[in-house]
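Asker: Below you will find the structure I want to go over with you.
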Amino acid sequence: MSLFDKFAHLSDVYRGLEGRRFNPFNIAFDVILSPTEAMIKGRHILLLGTNNYLGLTHDPAVIGEAIEAIRNFGSGTTGSRIANGSYDGHMQLERALADFYGRKFAMVFSTGYQANLGILATIAGKNDHLILDADSHASIYDGSRLGHAQVTRFRHNDPDDLARRLRRLAGTPGDKVVVIEGIYSMLGDTAPLRELVQVKREGGAYLVIDEAHSLGVLGETGRGLAEAEDVEADVDFIVGTFSKSLGGVGGFCVSDLDGFEVLRVASRPYMFTASLPPSVIAATAAALHQLRSRPNLRRQLTENAKRLYGGLVDLGFHLGPEPNPIVSAIMPDPETAFAFWTSLLQAGLYTNVSLPPATPRGLALLRTSVSAAHTRHQIDHAVALFAQVGRALGLIPHARVHRGTPHEAPEGKISVAGE
Amino acid sequence: MNDPDDPVRMVVFDTLRASTRGAVELSDQTNIVNELGLDSVAIMDFVMEIEDRLDVSVPLDRIAEVETVGDLVATMRDLEGKG
């Protein structure tokens, strides 16, 4: 008997992967050359699975601010903001976020995961109700479980089901808080926000939207789905992360609800964690400035996403329902997903494998994410590699002959993993 | 307690049979995780089917307590009684 016997089902899968040259859950990059290129085991790899939507990780202004901050303030804060004090950078970043969203209040957390923990576990108390979209991220489920509210889920993106669940709660004491996401991280689909807002309003509930994957991606100024759908006034809390479009690490929540500031002394995941280091804060503030001042990045990202999505649809892959920067190909089973992933990596393309229960409906996914930093040539090269591996694995029909299309095969032979 | 004509019990068994495509013989003692091979999300998904058919919402902490099919029947009966 071992302490880890309870993980037997996971251990079998993990051991099976450990024997392989490449393990999707344990891959290491030797060097990151740019937002779209890295070295793995001495080989040049095109990155298509990093969530680096705007490519700001290597922006000279962002890096410059981080270096200056580390020189002026040191490598870390060595404590939490409540116990050990905030730095000026934390306060400035919160003001910048509040200004960006046009809201009164903003709070910064040390990760996006903790932002959901810190908000959901705190705003919904013992006699309140959290109603989650069924496809919510693990941090939303975990944040809900950390608190004392009653938690139920509604069918993914189904306003009628949300209405039914709010109706069942009618007359029950306590506040009702609905939690959804802007872009869902596995299939890249967006929430039907206008319809959900209508239901939320009729049911007298509060609404939290996690814009982790839609900040800097959707909306006229990049504020996310709520801006794109013109319903920001009906969204009570926006949660997000710095680790995707802003290229850093950390999370935040913005709101207009009076009394919001009390969360600083009530939210345990905020109070009992070391605050973000000065370099991360400075880099994030600089990246937010880039996001606001360079709308072309967003346009380029959208164009790249459509190019990849369109290319893979044309090849016959089954994808998520919308051409957003998360493009996931649905695989018949986990084994095929691993084989596909390994073949792509051997051909020089890095993607992600996503498996249940992290995925909806038990789907095995070969997940990719596009960056504004990708060139047209890089996207086309990725599509060509998908074509070769997809055909080698028998997942898509064989090539139709059309010369000069963007999906021309690159040089070199594709070897199929798991042979 | 184990009245086979109990409508709540019938809904639970029907839904589970559909979710597992009849692959496993079900009884009150059947362990949902170990014997039916369902992960946490799959369990929440089939509970959702039961919720719809009985017009009851099941809080996640109540789902977490369920181990056997009999537990699930008891939980649903309890919540339906309250509704």
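The values are calculated or read from the model by the stated rules, or taken from the named source; none is laboratory data. Everything numeric here is computed off the predicted structure, so don't read it as measured data. All Cβ positions, glycine included, derive from the backbone under ideal geometry; neighbour counts span all protein chains shown.
Asker: Looking at A:His407, A:His377, A:His402, A:His398 in this structure, which one is modelled with pLDDT of 75 or more, farther than 21 Å from A:Pro24 by Cβ and not assigned by TED's automatic domain parsing to the domain that holds A:Gly316? Quick ask: steps written out before the conclusion?
Answerer: Details: A:His407 fails: modelled with pLDDT of 75 or more; A:His377 fails: not assigned by TED's automatic domain parsing to the domain that holds A:Gly316; A:His402 fails: modelled with pLDDT of 75 or more.
Exactly one residue qualifies, and that residue is A:His398.
Asker: If you check B:Arg62, B:Arg9, which single one turns out to be at pLDDT 90 or above, within 21 Å of A:Leu169 (Cα to Cα), basic (Lys, Arg) and assigned to a helix (DSSP H, G or I)? Write out each step before concluding.
Answerer: Numbers: B:Arg9 fails: within 21 Å of A:Leu169 (Cα to Cα).
When all the criteria are applied, what remains is B:Arg62.
Asker: For region A:217-234, state whether one or more residues are within 19 Å of the chain's Cα centre (by Cα), in contact (Cβ under 8 Å) with a residue 12 or more places away in the chain and in a strand (DSSP E or B).
Answerer: There is no residue in region A:217-234 that is within 19 Å of the chain's Cα centre (by Cα), in contact (Cβ under 8 Å) with a residue 12 or more places away in the chain and in a strand (DSSP E or B).
Asker: Mind checking which pairs have a first residue in region A:20-35 that is within 17 Å of A:Ser343 (Cβ to Cβ) and a second that is at pLDDT 95 or above and exposed (fewer than 12 other Cβ atoms within 10 Å of the Cβ), Cβ under 6 Å, 6 or more apart or different chains?
Answerer: Going by the 6 Å Cβ cut-off, there are no qualifying pairs.
Asker: Report yes if A:Gly240 is touching an Asp or Glu at 6+ places or on another chain (Cβ under 6 Å) and farther than 26 Å from A:Ala163 by Cα, otherwise no. Before the answer, list the steps.
Answerer: Details: touching an Asp or Glu at 6+ places or on another chain (Cβ under 6 Å): yes; farther than 26 Å from A:Ala163 by Cα: no.
No, not satisfied.
Asker: Filter region A:114-143 down to the residues that are hydroxyl-bearing (Ser, Thr, Tyr) and within 14 Å of chain B (Cβ to nearest Cβ) and list them by number. Spell out the reasoning first.
Answerer: So in region A:114-143, the residues hydroxyl-bearing (Ser, Thr, Tyr) come out as A:122, A:136, A:139, A:141.
A:Ser136, A:Tyr141 - these are the residues of region A:114-143 that are hydroxyl-bearing (Ser, Thr, Tyr) and within 14 Å of chain B (Cβ to nearest Cβ).
Asker: Answer yes if at least one residue in region A:260-278 is touching a Ser or Thr at 6+ places or on another chain (Cβ under 7 Å) and among the β-branched types (Val, Ile, Thr), and no otherwise.
Answerer: Among the residues of region A:260-278, at least one is touching a Ser or Thr at 6+ places or on another chain (Cβ under 7 Å) and among the β-branched types (Val, Ile, Thr), which makes the answer yes.
Asker: With region A:304-386 as the region, which strands (runs of 3 or more DSSP E) entirely inside it contain at least 3 residues that are hydrophobic (A, V, I, L, M, F, W, C)?
Answerer: By residue number, A:326-331, A:364-369.
Asker: If you don't mind, another one. All but one of (1) part of a loop (DSSP other than H, G, I, E, B); (2) surrounded by 19 or more Cβ atoms within 10 Å (Cβ to Cβ) hold for A:Ala274; state the number of the condition that does not hold.
Answerer: Among (1) part of a loop (DSSP other than H, G, I, E, B); (2) surrounded by 19 or more Cβ atoms within 10 Å (Cβ to Cβ), A:Ala274 violates only (2).
Asker: Please pick out the residue among A:Thr172, A:Thr152 that is assigned to a loop (DSSP other than H, G, I, E, B), among the β-branched types (Val, Ile, Thr) and within 14 Å of another protein chain (Cβ to nearest Cβ). Outline the logic, then answer.
Answerer: On the way: A:Thr152 fails: assigned to a loop (DSSP other than H, G, I, E, B).
Result of the check over A:Thr172, A:Thr152: A:Thr172.
Asker: When the residues of region B:49-70 are narrowed to those that are without any contact (Cβ under 8 Å) to a residue 12 or more places away in the chain and surrounded by fewer than 21 Cβ atoms within 10 Å (Cβ to Cβ), which ends up nearest to B:Arg9 (Cα to Cα)?
Answerer: B:Asp52
Asker: Continuing with this model, one more query. A:Ile45: on the phi < 0 side of the Ramachandran plot, in contact with a strand residue (DSSP E or B) (Cβ under 9 Å, 6 or more places away or on another chain) and assigned to a strand (DSSP E or B), yes or no? Give the derivation first.
Answerer: Working: on the phi < 0 side of the Ramachandran plot: yes; in contact with a strand residue (DSSP E or B) (Cβ under 9 Å, 6 or more places away or on another chain): yes; assigned to a strand (DSSP E or B): yes.
Taking the combined requirement at face value, the residue satisfies it.
Asker: If you check A:Ile131, A:Ile119, A:Ile140, which single one turns out to be part of a strand (DSSP E or B) and either crowded, with 24+ Cβ neighbours inside 10 Å or within 22 Å of the chain's Cα centre (by Cα) (or both)? I'd like the intermediate steps shown before the answer.
Answerer: Working: A:Ile119 fails: part of a strand (DSSP E or B); A:Ile140 fails: part of a strand (DSSP E or B).
Being part of a strand (DSSP E or B) and either crowded, with 24+ Cβ neighbours inside 10 Å or within 22 Å of the chain's Cα centre (by Cα) (or both) holds for just one of A:Ile131, A:Ile119, A:Ile140, which is A:Ile131.
Asker: Given (1) under 27 Å from A:His156 (Cβ atoms); (2) away from every other protein chain (no Cβ under 14 Å), where does B:Asp3 come up short, assuming only one miss?
Answerer: Against the list (1) under 27 Å from A:His156 (Cβ atoms); (2) away from every other protein chain (no Cβ under 14 Å), B:Asp3 comes up short only on (1).
Asker: Where residues in region B:19-52 are touching a Ser or Thr at 6+ places or on another chain (Cβ under 7 Å) and not in a loop (DSSP other than H, G, I, E, B), which of them is nearest to the other protein chains (Cβ to nearest Cβ)?
Answerer: B:Glu51
Asker: Consider A:Gly348 carefully, then state whether it is surrounded by fewer than 18 Cβ atoms within 10 Å (Cβ to Cβ), modelled with pLDDT of 95 or more and in contact with a His (Cβ under 8 Å, 6 or more places away or on another chain). Show your work before the answer.
Answerer: Numbers: surrounded by fewer than 18 Cβ atoms within 10 Å (Cβ to Cβ): yes; modelled with pLDDT of 95 or more: yes; in contact with a His (Cβ under 8 Å, 6 or more places away or on another chain): yes.
Considered against the rule, which asks whether it is surrounded by fewer than 18 Cβ atoms within 10 Å (Cβ to Cβ), modelled with pLDDT of 95 or more and in contact with a His (Cβ under 8 Å, 6 or more places away or on another chain), A:Gly348 comes out as yes.
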